[in-house]
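This report concerns only the one structure given below.
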Amino acid sequence: MQILAGRYKGRKIRSSSSLAIRPCSSRVKKSLFDILTGRMDFDGASVLDLFAGFGSLGFEALSRGARSVCFVDQHIDALKALKATALQLGVTESVKIVNADVSAFSGRPATRQFGLVFCDPPYSWGDYDLLIERIIGGKFLAEEGVLLIEHSAHIDFSHTPYYSFHRDYGMTRVTFFQH
């Protein structure tokens, strides 16, 4: 797993052999960032990476100019890998790593807003609607911000009020949401 573009292009992202963590594939990541690059400016962006895993999406955003990334995960292997990658890239000042359950984290009052929120829960995640409402309605997502959720292609969010569009990649779907 490596960073695809930007100032850290080609640099490795630390990982582990943990089967509990499903990283975003390079093909999906490249496509997502191609879409995002046409829709937003990464320079100075503040990013929230929920269910961060090894941080592939957050570190990619940082490489492309994001000012800061807040990673949230509770798996010890993920937390160790996030810290190791931040140290290796020399970006510890731009990274905040939160050891928390995403449901608990998103249920807290937002102390800041993010222009870009990545959310890659396990495909068996049970309550997407509550998660979306907590992120957007709970003010984690800035007014002009974008929320991306990676999930099973069998789930359709076109009925939700914040739905923008989606892209399918085999059995994976990424849905984009905005205010």
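Suppose the chain between R167 and A84 were pulled fully straight at 0.36 nm per residue; how much longer would it get relative to their current alpha carbon spacing?
This chain segment gains 26.7 nm when fully extended.
In nm, to one decimal, how far is the modelled label at T111 from the one at Q74, with both set 7 Å along Cα→Cβ?
The answer from the label model is 1.9 nm.
Evaluate the charge dipole of segment 37-140 about its Cα centre and quote only its size in Debye, nearest 20, assuming +1 on the Cβ of each Lys and Arg and -1 on the Cβ of each Asp and Glu.
In debye, rounded to 20, segment 37-140 gives about 320.
What aspartates and glutamates does K30 reach when the alpha-carbon gap must be under 19 Å and sequence neighbours fewer than 8 apart in one chain are set aside?
Candidates past the 8-residue exclusion: D41, D43, D49, E60, D120, E150, D168.
By count of other Cβ within 10 Å, fewest leading, how are H75, H159, H179 ordered?
Placing the least packed residue first, the sequence is H159, H179, H75.
Given Cα pairs under 8 Å that are at least 6 residues apart, what percent is the relative contact order of the chain?
RCO, the chain: 18 percent.
Scanning the chain for trypsin sites (Lys or Arg not before Pro) in DSSP loops with at most 15 other Cβ atoms within 10 Å, what's the longest stretch left with none?
By the stated rule (loop sites, at most 15 other Cβ atoms within 10 Å), 68-111.
With a Förster radius of 25 Å, plug the Cβ-Cβ distance of S94 and Q178 into 1/(1 + (r/R0)^6) and report the FRET value to the nearest 0.05.
E(calc), rounded to 0.05, equals 0.50.
Arranged by the count of other C-beta atoms within 10 angstrom, fewest first, what order do L32, L48, L147 take?
Starting with the residue having the fewest Cβ neighbours, the order is L32, L147, L48.
Taking neighbour counts of Cβ atoms within 10 Å as a proxy for exposure, in what order, fewest first, do V98, V28 appear?
Going from sparsest to densest Cβ surroundings: V98, V28.
Determine the alpha carbon to alpha carbon distance for each of K80/K139; K12/K96; K96/K139; K29/K83; K12/K139 and list only those over 24 Å.
Distance filter (> 24 Å) returns K80/K139; K12/K139.
Quick check: residue separation of S152 and I35 times 0.36 nm, minus the Cα distance between them. What number comes out in nm?
Between S152 and I35, full extension yields an extra 40.2 nm.
So what is Rg over Rh here for segment 37-140, counting just Cα atoms and using Kirkwood for Rh?
0.95
Find out how many positive minus negative residues lie around D43, taking Lys and Arg as positive, Asp and Glu as negative, among other residues whose Cβ is under 12 Å from that of D43.
For residues surrounding D43, the net value is +2.
With each pseudo-label sitting 7 Å past Cα toward Cβ, what's the S103-K9 distance in nm, one decimal?
4.2
Given a 10 angstrom Cα cut-off, can you work out which residue in G115, G58, G44 is the most mobile in a GNM of the chain?
G44
Give the relative contact order (percent, whole number) for segment 37-140; include only Cα pairs under 8 Å separated by 6+ residues.
Relative CO of segment 37-140 lands at 30 percent.
Where a number appears in this text, it was derived from the coordinates with a stated rule and is not lab data. On a predicted model such as this, the values are computed, not experimentally measured, just so you know. FYI the Cβ positions are ideal-geometry reconstructions off the backbone, even for glycines, and counts take in every protein chain you see.
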